[in-house]
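> Handing you a structure now.
We did not get these values from a lab; they are worked out from the coordinates using the rules stated. This one's a predicted model, so the numbers in the text were calculated from it and none came from an experiment. Please note: Cβ atoms are built from the backbone with ideal geometry, for glycine as well, and neighbour counts cover all protein chains shown.
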Amino acid sequence: FIQKAQDGSLIFIFDGLDEKLVHYTKDMRQQFLAELMRVFPNTHHRNESKVKIILSCRSHHFEDLKSQNGFFRGLGRDNSAQQDYRAMEILPFNSTQIQSMLTKQLGAKDSALVFQFINDNHYLSGLASHPFLLNKIAHSLPALQKLKHINSTSLYQALIEDTLSRDDEKHVLHRRHKKRLLQDLAYYLWKNKAQVLPVDDLNDWYQGWLQKNERVQAQHSTISNAELEQDLRNSTLLVRFSKSDFGFTHSSMQEFFIAQKLTKKWQESSLMTLDGNISPLTRQFILDGVILLSDKEITCLHQTLIHTLAQESTTPVAHLALDIVSTMHKHQISVPAFEVVQLSQLKLQEISIFGLNCQRLIINATELFASEWTAVTIGELHLTLSNLNKSVWRHSQIQTLHSDAELNSDSVLTSGLYQWTLTQCQFLFQYAELSARLDWHIYTAQRKVNTMESVTELEALKFMQTGH
């Protein structure tokens, strides 16, 4: 090749430079680059030669642009000049290019299915714009179709396992440690409301992480800090943004690892806690992950949900706990039986709750506008100063009602029960069995109730208003 290059016009493509550099010391890297450059004829400037070289490399292999440029220019020790090189970054694929690549790989029929799957799950569009990850998505789906459940979590698990397996030879940390590392890094970024870290901050955080994880550190005591830090950047799930900021290849990857970290914390704890709001996609990853849990993990999660919903809280964790209960019910996973569910002072408008089963539900000063309740069973409902306007209850049962609702205004809106719709529900508390036999006509001013049969002690129905 070197001899041919002296006499002709050739293009050499060396693909995956970082795959080699990761195994070399600093001096060996420069020697390796010099060896590749031997294909150039002896000219004053390489850009004058008819021979060209293309070197592909993950940009995040280097800490920053300065170290990247310094490497390719031989750290000033050879005769290379700035005009000898042109650095280029490959842009993400657009929709047309994604479809074209899938068609070439899978054929028209299978590619249409994969492309539709990507379009139906908007969080995949960002990943699919990277050819490497698009290739993984395309080849992961056939394997996923053998699973019982194909959802966001199972897809990302397959993507990450495939990615980490591909780079087995490059890893310094064991794969299981690397997954824990990425979970903790994603969680740290989320807590600090960040998506990227400057490389110095990233390295400082990593050294602190190793000190906290003594067993991991002990297994790698003979490896230098520089090699460990390089291994972190070569996780293949971290990339460099701008000059020296590092983050996950895609925000959805970060959200996936946040969801994994939170789920793991809850399995190990008797109480859920959230330090802040989670994104809709992180929530979806958590809920889809519940479907994939083992029976033992579900049992642990039961105890966490029971303790979490028994606490009076103003954090988003109660909303998420109810979503987990609903997910369990929808997928026929055993749902815990709650003694107390405390929803006081929460903002839960438009929430959908399925399959909740509790002895006592406390709703005090709670915003439940346009909420939907399906197949819920409640022993005692404590309803005080809450908004259930336009709430819909289906196939549900309440045995006892405790309410302080009073009709002191002509406006039905003040009751918090306007257009409270009840469909095929059973209410077993006395004097208020709502059935087809009763025709309610309730007038606010006159406190008049017309029924087809006599009902005693109608004071118990003061909470009812026109519009029900």
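> For Ser129, what is the net charge nearby, where nearby means another residue's Cβ is under 14 Å from its Cβ and Lys, Arg count +1, Asp, Glu -1? If you can, show how the numbers build up before the last one.
Working: positive: Lys136; negative: Glu89.
Residues close to Ser129 contribute a combined charge of 0.
> What does the charge count near Leu281 come to, summing +1 for each Lys or Arg and -1 for each Asp or Glu among other residues with Cβ under 15 Å from its Cβ? Don't skip to the end; give the middle numbers.
Numbers: positive: Lys261, Arg283; negative: Asp120, Glu255, Asp288, Asp323.
Every neighbour counted, the sum reads -2.
> Moving on to the next point. How far, in nm, would the chain grow between His402 and Glu339 when pulled straight, counting 0.36 nm per residue and subtracting the alpha carbon separation? It would help to have the intermediate numbers written out before the result.
Numbers: separation 63, 0.36 × 63 = 22.68 nm, distance 1.66 nm.
Answer, rounded to one decimal: 21.0 nm.
> Which whole-number value in Å³ per residue fits the convex hull of the alpha carbons of the stretch 267-412?
Working: hull volume 16.2 nm³, N = 146.
Hull volume normalised by residue count: 111 Å³.
> Something else: Taking R0 as 35 Å, what FRET efficiency do you get between Lys4 and Ser242 from their Cβ-Cβ distance, rounded to the nearest 0.05?
Numbers: r = 40 Å, r/R0 = 1.14.
After rounding to 0.05, the efficiency reads 0.30.
> Which log10 I(q)/I(0) values, to two decimals, does the stretch 178-282 give at q = 0.17, 0.22, 0.24 Å⁻¹ under the Debye formula with one point per Cα?
-0.83, -1.27, -1.41
> Let me see the pair-distance distribution of the stretch 89-240: every alpha carbon pair, 10 Å bin width, integer percents in order.
Calculated P(r), rounded to whole percents: 9, 34, 31, 19, 6, 0.
> So, one more: Of the cross-linked pairs Lys265/Lys347; Lys170/Lys264; Lys261/Lys347; Lys136/Lys191; Lys212/Lys264, which ones have a Cα-Cα span greater than 23 Å in the structure shown?
Details: Lys265/Lys347 25 Å; Lys170/Lys264 27 Å; Lys261/Lys347 25 Å; Lys136/Lys191 30 Å; Lys212/Lys264 18 Å.
Long pairs (Cα-Cα over 23 Å): Lys265/Lys347; Lys170/Lys264; Lys261/Lys347; Lys136/Lys191.
> From the P(r) of the stretch 164-213, can you give the percent of Cα pairs sitting at distances over 16 Å? Write down the numbers at each step before the final one.
Numbers: 554 of 1225 pairs.
Every Cα pair in the stretch 164-213 considered, those over 16 Å come to 45 percent.
> Could you pull the Cα extents of the stretch 227-320 along its three principal axes, largest to smallest, in whole Å?
48, 29, 22
> Here's something else I'd like to know. Considering the dipole of the stretch 262-408 built from charges on the beta carbon (Lys and Arg +1, Asp and Glu -1) around the Cα centre, which of Phe369, Thr400, Gln284 is farthest to its positive end?
Projecting each Cα onto the dipole axis, the largest value belongs to Gln284.
> On to the next question. Tell me, what is the FRET efficiency for Leu36 and Gln83 to the nearest 0.05, using R0 = 22 angstrom and their Cβ-Cβ distance as r? Kindly include the intermediate steps, with their values, before the conclusion.
Numbers: r = 19 Å, r/R0 = 0.86.
After rounding to 0.05, the efficiency reads 0.70.
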